[in-house]
Amino acid sequence: MYLKTLHLRQFRNYLDQQIDFLAPKTILVGNNAQGKSNLLEAVELLATLRSHRVSRDRELVQEGSSIGQITANLERAYGFVDLTLTLRIQGRRTVALNHESLRRQMDFLGILNAVQFSSLDLELVRGAPEHRRLWADSLLTQLEPIYAHILQQYHQVLRQRNALLKALRHQNADSPEKTNSPLPTQTLTELALWDAQLATTGSRVTRRRARVLQRLAPLAEKWHASISGKTEVLQVKYAPNVNLEQDDPEQVQQAFLEKIEQRRVAELHHGTTLVGPHRDDVEFTINQTPARAYGSQGQQRTLVLALKLAELKLIEEVVGEPPLLLLDDVLAELDPLRQNQLLEAIQDRFQTIITTTHLGSFDSQWLNSSQILSVQAGKIAVN
């Protein structure tokens, strides 16, 4: 796939800017806080409908405007596609495919595929489990757009169940004498309904995460061995909150229900759901040592680089076309060996958009084969 044009209107610090991509590699050069990362964020939004930087659309719309818009023309193996994402400071965002509005945003996913690599991705290794869950979910959404709907269903059930547990906790706090009393039959029935729904929706999330990580792990481990000169062995392991011995829906649901029963007293005490994929993690070890606790910064960067290269390969295998690669000021953070590994892996196979504050990290061959654009205060010009 190849991104031909990107048009930003009242998005972040861009008033009205169109970019035509004329080469497989585009280098955006400029000082910090000029809008380079904003452009990559726009592409990321078209790919996943999510930003890894903010959670609210009002933060994406240019200050003083009520609406922001991202449009793109994409070349796929089957033809050209026009994508439009309209963001509002009030009201729901809307999406359009080939100028026709889509009722379901899920139908917008999977059209443009992209892998982003930024300095923030080091949080994949050293950050909280939430970062690793979001990473796995973002990848899954691109590979299986239906997953966005499955995840949404799970979170709806989770919210409702948490509301019930919270209400029960408040009741017990108001009436301490009821703390050790059996729950009323009506409450048990209501809780059982939410338990069943949590097990059903949660098992769908868990099983899909397990499958995608099972496919990604050997790719990442192979890349890691190559980058580290085979001196280090990476292991990527899914650590689900509910034991996952077999990829069988009924068995996984049963495991959910059994663990819910085990944690019943604790959940009622805390007033929140303690069982389910919202508490999953992904474990990374280097030479059988947890990378989060003991990996050096160089090792952590190597690990993230291996994960990103594995994402590229996996998306290409599943989708049948190479995705876009978005590199947000990461070359300066990689040593020459890792830079060369990355640039060699990219070559001209993946359309790549790179941000940088200077061109010193690139050799002449790369510069000669790249489109170089300067970014200043939300305006883009040919360098």
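The values are calculated or read from the model by the stated rules, or taken from the named source; none is laboratory data. Source: prediction; values computed, not measured. Note that we place each Cβ from the backbone using ideal geometry, even for glycine, and neighbour counts take in every protein chain shown. Side chains are part of the model used for accessible areas, which takes the heavy atoms of the whole protein and leaves out ligands, DNA and RNA. Shrake-Rupley method; radii C 1.70, N 1.55, O 1.52, S 1.80 Å.
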Point to revise | Residue check for Ser226: among the small types (Gly, Ala, Ser) and more than 19 Å from Arg133 (Cβ to Cβ) | key: yes
Exercise for review: Identify, from the list Val125, Val61, the residue that is of a type in the set (A, V, I, L, M), within 25 Å of Ile19 (Cα to Cα) and touching a residue at least 40 places away in the same chain (Cβ under 8 Å).
Suggested key: Val61
**Study point:** Count of residues meeting criterion [over 16 Å from Leu45 (Cα atoms) and modelled with pLDDT of 95 or more] in the stretch 82-98
**Key:** 1
Practice item. Look through the stretch 312-323, keep the residues that are open to solvent by less than 10 Å² (accessible area, probe 1.4 Å) and in a helix (DSSP H, G or I), and return whichever of them is farthest from Val43 (Cα to Cα). Key: Leu314
Check your understanding: What's the number of the condition Ala96 fails, among (1) open to solvent by less than 10 Å² (accessible area, probe 1.4 Å); (2) assigned to a strand (DSSP E or B)?
Key -> (1)
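Residues checked against (1) open to solvent by 10 Å² or more (accessible area, probe 1.4 Å); (2) within 29 Å of Asn31 (Cβ to Cβ); (3) of a type in the set (A, V, I, L, M); (4) touching a residue at least 24 places away in the same chain (Cβ under 8 Å):
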position	(1), (2), (3), (4)
Glu283	yes, no, no, yes
Gly298	yes, yes, no, yes
Leu303	no, no, yes, yes
Leu325	no, yes, yes, yes
Thr352	no, yes, no, yes
His358	yes, yes, no, yes
Ser374	yes, yes, no, yes
Point to revise | Residue within the stretch 62-75 that is open to solvent by 80 Å² or more (accessible area, probe 1.4 Å), at positive phi, part of a loop (DSSP other than H, G, I, E, B) and not charged (D, E, K, R) present | key: yes
Point to revise | Answer residue from the stretch 227-269, given it is open to solvent by 40 Å² or more (accessible area, probe 1.4 Å) and of a type in the set (A, V, I, L, M) and is modelled with the lowest pLDDT among those | key: Leu244
Review point. For Leu158, which of the numbered conditions (1) buried (at least 18 other Cβ atoms within 10 Å of the Cβ); (2) modelled with pLDDT under 95; (3) not small (Gly, Ala, Ser) fails to hold?
Key: (2)
Exercise for review: Keeping to the stretch 254-272, report how many residues are in contact with a Lys or Arg (Cβ under 7 Å, 6 or more places away or on another chain) and free of Cβ contacts under 8 Å to residues at least 24 places away in the same chain.
Suggested key: 0
Practice item. Could you please give the count of residues in the stretch 361-383 that are assigned to a loop (DSSP other than H, G, I, E, B) and over 19 Å from Ser119 (Cβ atoms)? Key: 5
Check your understanding: Out of all the residues in the stretch 99-118, which are surrounded by fewer than 14 Cβ atoms within 10 Å (Cβ to Cβ), touching a strand residue (DSSP E or B) at 6+ places or on another chain (Cβ under 8 Å) and assigned to a strand (DSSP E or B)?
Key -> Ser101
Check your understanding: Does Val212 satisfy the condition of being in contact (Cβ under 8 Å) with a residue 40 or more places away in the chain, over 21 Å from the mean Cα position of the chain (by Cα) and not in a strand (DSSP E or B)?
Key -> no
Revision key, fill the gap. Looking across the stretch 330-360 at residues that are part of a loop (DSSP other than H, G, I, E, B) and more than 29 Å from Lys230 (Cβ to Cβ), the single one that is modelled with the lowest pLDDT is Gly360
